[in-house]
Amino acid sequence: MEKAFKRDFASIDPIFLFITQIVSKEGANERTDFCVKLAVEELFTNMVKYNRKGTGDIVIRAANDKGALVVELIDSDVDRFDPATADEAGIDEVLEDRRIGGLGLRLVRSVVDRITYEYKDRKMTVTVVKQLER
């Protein structure tokens with residue numbers, strides 16, 4: 001399944017509906033639904049917030065691949081930024097010594113099985129994989 005969403009925070013509710021439809025179709029449980037929504041929301045929000053030069057909609061594509069839900073977020077006409085290898089927030093550091101940012105990506109990595117990134121011709125594709133739990 002694939003759907004384009006307006007580059008706007010107001011798209012979060014329609015995205016959640018889209019994810020729920022996919023997870024339900026695959027017969028996965030609520031935990032899978034929650035984890036995928038959390039990851040997609042964080043990544044989509046970052047694209048809206050930080051890819052300000054991006055043009056058009058953000059496409060979300062999802063498919064079942066051998067018992068795993070593979071979700072791609074595709075953003076066009078953007079600068080390179082690899083969330084798959086970006087530094088996480090140092091949660092073990094004293095609060096005053098922590099740098100701003102990175103907590104969301106840390107959270108994404110904790111709820112999915114894999115995150116990958118591809119960048120070509122000013123198009124970024126961030127892919128998350130979550131094993132379907134039933």
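Rule-based calculations on the coordinates, nothing more; no lab input. Everything numeric in this text was worked out from a predicted model, so none of it was measured. Neighbour counts are summed over all protein chains in view; Cβ atoms, including those assigned to glycine, are modelled from backbone coordinates with ideal geometry.
For this structure, a couple of remarks:
- The gain in end-to-end length when the Lys53 to Lys3 segment is fully stretched comes to 15.9 nm, 0.36 nm per residue minus the alpha carbon separation.
- Neighbour net charge for Asp8 - beta-carbon separation under 12 angstrom, K R +1, D E -1: +1
- Under a 5 Å amide H cut-off, with hydrogens placed 1.01 Å from N, Arg114 pairs with Val129 among residues at least 5 apart or on other chains.
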